[in-house]
Amino acid sequence: MNFRQFQSQLAALVGAPSVSCTSPEFDQSNHQVVTLLAQWLEPLGFRCEVQEIAGWPGKYNLVAVKGTGPGGLVFAGHTDTVPCNPELWQQDPFTLTERDGRFYGLGATDMKGFFPVVLAALETFREVELREPVIVLATADEESSMCGARALAAQGSPKARYAVIGEPTGMRPIRMHKGIVMESVRVIGQAGHSSDPSLGKNALEVMNSIITQLLQYRGELQSKYRHDGFNVAVPTLNLGCIHGGDNPNRICASCELHFDLRPLPGMPLEQLRHDMQTRLRPLAEKAGCDIVFSSLFPGIDPYEEKADSAIVKAAEKLSGHTASAVAFATEAPFLQKIGMETIIMGPGAIDQAHQPNEFIEQSQIAPAIKIIEELIRKFCL
């Protein structure tokens with residue numbers, strides 16, 4: 001392993017700000033990151049295509065391919081980071097800092113650190129002819145819209161048989177996670193003087209019925225669905241925030257609730273949305289109020305890879321750990337839709353992600369490179 005090359009590449013990636021955020025004032029392009037990766041991959045024999053994502057100005061995916069064949073192995077990672085609060089850091093978040101056996105910097109763990117690991121492993125095969133292709137996939141906006149992964153799934157490429165997503169798992173293989181649905185329900189009633197309820201239609205009272213119905217629905221889901229592979233073995237539904245009304249002596253004319261639902265594998269998102277709307281719409285109609293449903297974002301499907309799939313078995317053997325589940329969501333469902341057996345496994349710890357003073361342990365780097373090398377040998381040579 002060329003440790004200084006790893007450090008230099010990680011420093012360049014950390015020093016290329018690529019924050020993605022739903023708030024436009026914080027959102028940034030990831031073009032500099034994918035350009036750096038392409039510059040490093042091309043000398044290793046990769047054909048690099050930088051793809052601008054339609055409808056998302058300044059956002060790009062990189063698809064880099066070495067070799068040909070019907071199978072192939074993808075190493076995938078996202079190029080963006082979450083926003084940060086520099087005043088809470090002990091050093092500049094965008095300058096890689098080496099201290100106490102760690103590399104500090106925004107994205108060092110989540111997940112820019114994965115790319116230099118893959119690049120170091122690929123150096124071993126610089127002059128080797130591959131039986132099946134190796135593909136490096138670098139996506140945009142995983143931390144916000146997931147527009148990069150969604151675009152790839154929509155176009156149905158790249159094609160490969162296996163995929164490793166390098167999210168920080170301490171190089172322990174992960175083969176499942178829950179999905180995410182975030183929804184808004186708005187009840188539109190009619191204002192009036194509180195002294196005479198007949199003068200209006202109280203949206204808060206209707207929302208009370210809606211909340212009761214949602215909690216009942218949650219109980220039904222939890223009695224029907226269970227997966228003991230997860231620490232929280234049942235689907236969850238959280239009532240996150242509510243806004244309504246403007247004065248105690250005025251009938252509430254409008255009330256809006258935001259909530260999230262975390263489904264288990266085997267629970268389709270659209271079916272869940274349909275079921276909730278079917279239950280809630282009659283409550284508003286009975287009160288003579290309008291009801292508006294909207295998704296706060298498109299959602300992420302739950303993900304599960306079969307325990308006996310080739311990529312899971314290989315990752316378990318090389319890591320020495322049985323594949324398990326995580327609570328956070330990833331791009332894995334989108335790669336599965338393209339047709340890849342997919343596992344999540346990368347260096348770093350998820351409890352460092354989204355935190356001030358984010359770091360990656362230097363001791364994890366060499367073992368991670370070794371596992372990536374062995375995966376390439378197994379699936380591509």
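The values are calculated or read from the model by the stated rules, or taken from the named source; none is laboratory data. The structure displayed is predicted, hence computed values, not measured ones. With ideal geometry, Cβ positions are generated from the backbone for all residues, glycine too; neighbour counts draw on all protein chains shown. We work out accessible area using only protein heavy atoms, side chains counted, and drop any ligands, DNA or RNA first. Shrake-Rupley method; radii C 1.70, N 1.55, O 1.52, S 1.80 Å.
Figures for the structure shown
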{"quantity": "Shape category assigned to the range 319-381 from the gyration tensor of Cα positions, a/c cut at 1.5", "calculated": "oblate"}
{"quantity": "Protein-only accessible surface order, largest first, of TYR162, TYR303 at 1.4 Å", "calculated": "TYR162, TYR303"}
{"quantity": "Qualifying aspartates and glutamates (Cα of each under 18 Å from Cα of LYS306; at least 8 residues distant if same chain)", "calculated": "ASP228, GLU316, GLU331, GLU341"}
{"quantity": "The range 203-262: trypsin sites (Lys or Arg not before Pro) in DSSP loop, at most 14 other beta carbons within 10 Å", "calculated": "ARG226"}
{"quantity": "Entries in LYS59/LYS370; LYS337/LYS378; LYS178/LYS313 that, when Cα-Cα distance is taken, lie over 30 Å", "calculated": "LYS59/LYS370"}
{"quantity": "Span from the the range 332-381 Cα centroid across to the the range 258-324 one, whole angstrom", "calculated": "24 Å"}
{"quantity": "Percent carbon-and-sulfur accessible area, the chain, ignoring ligands, DNA and RNA, probe 1.4 Å", "calculated": "50 percent"}
{"quantity": "Between helix 310-319 and the chain: long-axis angle, C-alpha atoms, 0 to 90°, nearest 10", "calculated": "70 degrees"}
{"quantity": "Calculated P(r) tail over 18 Å for the range 29-93, as whole % of Cα pairs", "calculated": "51 percent"}
{"quantity": "Chain lengthening between ARG4 and ARG377 when straightened (0.36 nm per residue, less Cα-Cα)", "calculated": "131.8 nm"}
{"quantity": "The range 1-152 shape via C-alpha gyration tensor axes, a/c threshold 1.5", "calculated": "oblate"}
{"quantity": "Rounded accessible area of ASP100 (nearest 10 Å², 1.4 Å probe)", "calculated": "130 Å²"}
{"quantity": "Where the chain is the region considered: accessible area per residue in Å², 1.4 Å probe", "calculated": "44 Å²"}
{"quantity": "Shape call, the chain: gyration tensor on alpha carbons, a/c limit 1.5", "calculated": "prolate"}
{"quantity": "Accessible-area value, ARG131, 1.4 Å probe, nucleic acids and ligands omitted, Å²", "calculated": "130 Å²"}
{"quantity": "Rel. contact order, % - alpha carbon contacts under 8 angstrom, at least six apart, the chain", "calculated": "24 percent"}
{"quantity": "In degrees, nearest ten, helix 3-14 long axis to first principal axis of the chain (Cα)", "calculated": "30 degrees"}
{"quantity": "Tail weight of P(r) past 16 Å, computed on alpha-carbon pairs of the range 209-274, percent", "calculated": "56 percent"}
{"quantity": "Solvent accessible area, Å² - GLU49, 1.4 Å probe, full protein context", "calculated": "100 Å²"}
